[in-house]
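Since the structure comes first, as structure tokens, the remarks are kept for the end.
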RNA sequence: GGGCCCGUAGUCGAAUGGUAAGACGUCACCCUGACACGGUGAAAACUCCCGGUUCGAUCCCGGGCGGGCCCACCA
């Protein structure tokens, strides 16, 4: 018998029990059931799940559980994105900088394993049901081997190459970064107006405006707009760069904005992306302006100073020399590194690239072939593909990352690739596959850089489906059915995964993409530690139960839309679960002596209200099969909430109590029909709620239904069958009228301060179709406690006589 | 500058080519044999504004105003 609802006891018990039962197991050799495979996002191993994780993983779990009920062989793995700068920072803070690279990496691994254990525990506490036998970590040797293999394959096809190129560079992290890792931040800076003396006329000068005087030494030209009449005479002449006294030419380019500053722009290698464009367009020389730590190079006496320091000193010098004409405040947007928040520079260096240019159309058409939920999110991918300007920089100068499987010759630069059979390799410590450069005999040097973490995660669907490891497994699971992920990483994770999958397998990696939004704080702002508005999931589970948190997730389900967290919703969820529990207790007690198998094949004496319930539940089965298929969990949960609370509990239960309690008066047959209806309706409700509220529904099933139904657990049972012929509009119409009459009686009692169970001597109902009431008079009399019922024909009106 | 999303009771939020769920909050009443973390009722929305299509629009189209996100530009 169901006792009190105690989630703290129920939830962990079922979490353990499901594993014992193998309720979530994928059966790779089961050829009978269709496979539903999920390319679950591997969260970055920060040590804590946040509400965004909870929402998105709840969505995934609901999908997995629903598909299992529908008879799919669900492949639901869970992985971890381990490698990244934040971990290095934390480990360095704890252990200092004295460790060797190998020791450092080892500490990172240990640290990450601890965090994974914690996060895995949180996922379990939420009732998430991945098949943990397929867990993966991006830092594992096996994962490294696959990433390296994928790069070797792409290298063979000339899709991976090494080149000198200006790249976004974070001087703080001392690493190249991809455009997708940058974030624009608005800040205020000063626009400095600086005199450049004319070379040809000696005494004439022009004034240019710049925000980056520290790059004067790298100035290789100045530009004006070709139509700018003010400067037409200057074009082709030369001006002297202050301090360094180098002459540079005055050139024209239509991309100069004549209205900005003085309409003359100095071009340095490289102040921003525009400079890169102009350098290529006008074939200008490149002055290496800065080193990897952001210190000036080739800057005379300022060489070695950090940019900010150099800027101050140079401005001082310009000012004292009378060369700085004026300064203006300027609002400016700077690119910053999204991981550390520091401004990024553009530096030329040797990096590894993946060839993206030229594949935009292929990526777009792969995107078009997928089902995007909601559909407009495809546009994010298309827009991004349309803006690809450079290839993808995949090397990062970090330690805790997947090593790039390459060596190169110190003398001639020839690249030597790792032996595919010996993966994973670490070129820093492992010997090269051949002792000397095969081309010139020079010494080989192992690549020190590691992979961008998107190189790791962009093969997640290949990893989980055992690409090149288990052909049968791969054929069954790849392409995966579902890729769930956030909006903010469409241009990275989704984009790179589609690209890599196309390059490596020729196929798109998944069929459906489910995009979730972000969970904001209750104030509508992003949750952040600095704002102090972070809501920890553990506390919510503690206070409201995991099922309530899951129900909140389903309620928050507007796809790809950010939503503030709502205590109101989770409180409602908790109340609903309690209501479900209490009503189940009532049903359980009402079913005493009822045996499901004895009703099979017999015809029951249903009353109209029973037919109404059976009709409504079948409508819900039909509706919610579609809603679940569409990932529209909001519609699922609201329709079930409303039906259960406001139809099943508020009306139906009240309308059958007399048949259950007074079978001597109303007949055993009537009682049995009511019992059957209660049994079926609650069972179907519980099944439809299982994906969202697995713990509570499992406990209800276990107590009331297991003995009758035979499935060991609700998680292993089947989605309710639809009996279309039970949909009965006539019965629904009669029940609606009955409920309207009961509402009027209740209103009367409330207005007259009567108890709801107080008797009334008569109720007179006028309605357009009084014959509809014939079948439900018993319910009016019993649920309304009306001694006498009179009906007549006319516009609806209910008169109560106390 | 470009793209996308959004604008419904005090608040949050569904739905629909035929004037609109539900929740929270508010008010009144009721401890009715599952539930007071409950029950029954009440009050509360010219569905942002202006046009158009339509017999009829909150829902479709155009324009505006307001909010959000992404991208580009920013010497």
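The values are calculated or read from the model by the stated rules, or taken from the named source; none is laboratory data. Just so you know, these numbers come straight off a predicted model, no measurement behind them. Ideal geometry is used to build each Cβ from the backbone, glycine not excepted, and the neighbour counts take in all protein chains shown.
Of everything in segment A:707-736, what is surrounded by 20 or more Cβ atoms within 10 Å (Cβ to Cβ) and closer than 24 Å to residue A:792 by Cβ? Give them in sequence order.
A:731, A:734, A:735
List pairs: first in segment A:379-398 and over 20 Å from residue A:167 (Cα atoms), second more than 11 Å from RNA strand B (Cβ to nearest atom), Cβ under 7 Å, 6+ apart or cross-chain?
What qualifies is A:381/A:367; A:381/A:494; A:381/A:495; A:382/A:364; A:382/A:367.
Search segment A:722-734 for residues being over 28 Å from residue A:788 (Cα atoms) and touching a residue at least 24 places away in the same chain (Cβ under 8 Å), and hand back the single one that is farthest from RNA strand B (Cβ to nearest atom).
This residue is A:723.
Whether any residue in segment A:207-219 is over 18 Å from residue A:264 (Cβ atoms) and either touching a helix residue (DSSP H, G or I) at 6+ places or on another chain (Cβ under 6 Å) or in a loop (DSSP other than H, G, I, E, B) (or both) is what I want to check.
Within segment A:207-219, one or more residues are over 18 Å from residue A:264 (Cβ atoms) and either touching a helix residue (DSSP H, G or I) at 6+ places or on another chain (Cβ under 6 Å) or in a loop (DSSP other than H, G, I, E, B) (or both).
Given the conditions (1) surrounded by 21 or more Cβ atoms within 10 Å (Cβ to Cβ); (2) out of contact with any helix residue (DSSP H, G or I) (no Cβ under 9 Å at 6 or more places or on another chain), report the number of the one that residue A:14 does not fulfil.
(2)
Can you run down the residue pairs with Cβ atoms below 9 Å, 6 or more apart or on separate chains, where the first is in segment A:661-683 and on the phi > 0 side of the Ramachandran plot and the partner is buried (at least 17 other Cβ atoms within 10 Å of the Cβ)?
A:667/A:659
If you check residue A:791 against the conditions, is it under 28 Å from residue A:614 (Cα atoms), more than 16 Å from RNA strand B (Cβ to nearest atom) and over 54 Å from the mean Cα position of the chain (by Cα)?
So residue A:791 fits the description; yes.
For segment A:323-364: of the residues being in a loop (DSSP other than H, G, I, E, B) and under 30 Å from residue A:242 (Cα atoms), which is modelled with the lowest pLDDT?
Looking at the filtered set, the residue picked out is A:342.
Residues A:315, A:297, A:324: which one is touching a strand residue (DSSP E or B) at 6+ places or on another chain (Cβ under 9 Å) and over 25 Å from residue A:262 (Cα atoms)?
A:297
Among A:320, A:365, which is without any contact (Cβ under 8 Å) to a residue 60 or more places away in the chain, within 25 Å of the chain's Cα centre (by Cα) and away from RNA strand B (no atom under 16 Å from the Cβ)?
A:365
Quick test of your reading of the structure: residue A:193 fulfils all but one of (1) away from RNA strand B (no atom under 12 Å from the Cβ); (2) more than 19 Å from residue A:274 (Cα to Cα). Name the failing condition by number.
(1)
Inside segment A:735-782, can you point out the residues that are more than 9 Å from RNA strand B (Cβ to nearest atom), within 23 Å of residue A:617 (Cα to Cα) and either in contact (Cβ under 8 Å) with a residue 60 or more places away in the chain or outside any helix (DSSP H, G or I) (or both)?
Answer for segment A:735-782, where residues must be more than 9 Å from RNA strand B (Cβ to nearest atom), within 23 Å of residue A:617 (Cα to Cα) and either in contact (Cβ under 8 Å) with a residue 60 or more places away in the chain or outside any helix (DSSP H, G or I) (or both): A:735, A:738, A:775, A:776, A:778, A:779.
Could you tell me which residue of segment A:300-312 is surrounded by the most Cβ atoms within 10 Å (Cβ to Cβ), considering only residues that are touching a strand residue (DSSP E or B) at 6+ places or on another chain (Cβ under 8 Å) and part of a helix (DSSP H, G or I)?
A:310
If the requirement is being part of a loop (DSSP other than H, G, I, E, B) and either closer than 27 Å to residue A:203 by Cα or in contact (Cβ under 8 Å) with a residue 60 or more places away in the chain (or both), which of these qualifies: A:265, A:239, A:286, A:276?
A:286
Quick one: residue A:639 ticks every box in (1) within 34 Å of the chain's Cα centre (by Cα); (2) modelled with pLDDT of 95 or more; (3) within 9 Å of RNA strand B (Cβ to nearest atom) except a single one, so which number is it?
Here residue A:639 meets the rest and fails (2).
Quick check on segment A:601-609. Is at least one of its residues crowded, with 20+ Cβ neighbours inside 10 Å, within 30 Å of residue A:512 (Cβ to Cβ) and more than 14 Å from RNA strand B (Cβ to nearest atom)?
Checking segment A:601-609: not a single residue is crowded, with 20+ Cβ neighbours inside 10 Å, within 30 Å of residue A:512 (Cβ to Cβ) and more than 14 Å from RNA strand B (Cβ to nearest atom).
This table checks each residue for (1) touching a strand residue (DSSP E or B) at 6+ places or on another chain (Cβ under 8 Å); (2) more than 16 Å from RNA strand B (Cβ to nearest atom); (3) part of a strand (DSSP E or B).
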position: A:106; (1), (2), (3): no, yes, no
position: A:118; (1), (2), (3): no, yes, no
position: A:123; (1), (2), (3): no, yes, no
position: A:173; (1), (2), (3): yes, yes, no
position: A:187; (1), (2), (3): yes, no, yes
position: A:201; (1), (2), (3): no, yes, no
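For the list (1) under 26 Å from residue A:353 (Cα atoms); (2) surrounded by fewer than 19 Cβ atoms within 10 Å (Cβ to Cβ); (3) in contact with a strand residue (DSSP E or B) (Cβ under 7 Å, 6 or more places away or on another chain); (4) modelled with pLDDT of 95 or more, I need the number of the one condition that residue A:147 fails.
For residue A:147, the failing item is (2).
Quick one: would you say residue A:375 is at pLDDT below 90, in contact with a helix residue (DSSP H, G or I) (Cβ under 6 Å, 6 or more places away or on another chain) and within 11 Å of RNA strand B (Cβ to nearest atom)?
no
Looking at (1) buried (at least 21 other Cβ atoms within 10 Å of the Cβ); (2) in a helix (DSSP H, G or I); (3) away from RNA strand B (no atom under 13 Å from the Cβ); (4) within 42 Å of the chain's Cα centre (by Cα), which one does residue A:670 not meet, given that it meets all the others?
Unmet for residue A:670, out of (1) buried (at least 21 other Cβ atoms within 10 Å of the Cβ); (2) in a helix (DSSP H, G or I); (3) away from RNA strand B (no atom under 13 Å from the Cβ); (4) within 42 Å of the chain's Cα centre (by Cα): (4).
If you take the residues of segment A:573-593 that are surrounded by fewer than 19 Cβ atoms within 10 Å (Cβ to Cβ) and outside any helix (DSSP H, G or I), which of them is nearest to RNA strand B (Cβ to nearest atom)?
The extreme case among them is A:592.
Pull up segment A:696-706, narrow it to residues that are more than 16 Å from RNA strand B (Cβ to nearest atom) and surrounded by 20 or more Cβ atoms within 10 Å (Cβ to Cβ), then point me to the one that is farthest from residue A:22 (Cα to Cα).
Restricting to residues being more than 16 Å from RNA strand B (Cβ to nearest atom) and surrounded by 20 or more Cβ atoms within 10 Å (Cβ to Cβ), the top hit is A:705.
Quick one: how many residues across segment A:555-580 are under 23 Å from the mean Cα position of the chain (by Cα) and free of Cβ contacts under 8 Å to residues at least 60 places away in the same chain?
9
Would you mind stating whether residue A:271 is within 25 Å of residue A:330 (Cβ to Cβ), touching a strand residue (DSSP E or B) at 6+ places or on another chain (Cβ under 6 Å) and within 9 Å of RNA strand B (Cβ to nearest atom)?
No.
Kindly list the number of the only condition in (1) within 24 Å of residue A:452 (Cα to Cα); (2) touching a residue at least 40 places away in the same chain (Cβ under 8 Å); (3) surrounded by fewer than 24 Cβ atoms within 10 Å (Cβ to Cβ) that fails for residue A:59.
So residue A:59 meets the others, but not (1).
Select from segment A:289-299 the residues that are closer than 23 Å to residue A:334 by Cα and part of a loop (DSSP other than H, G, I, E, B) and write down the one among them that is nearest to RNA strand B (Cβ to nearest atom).
Among them, the one singled out is A:289.
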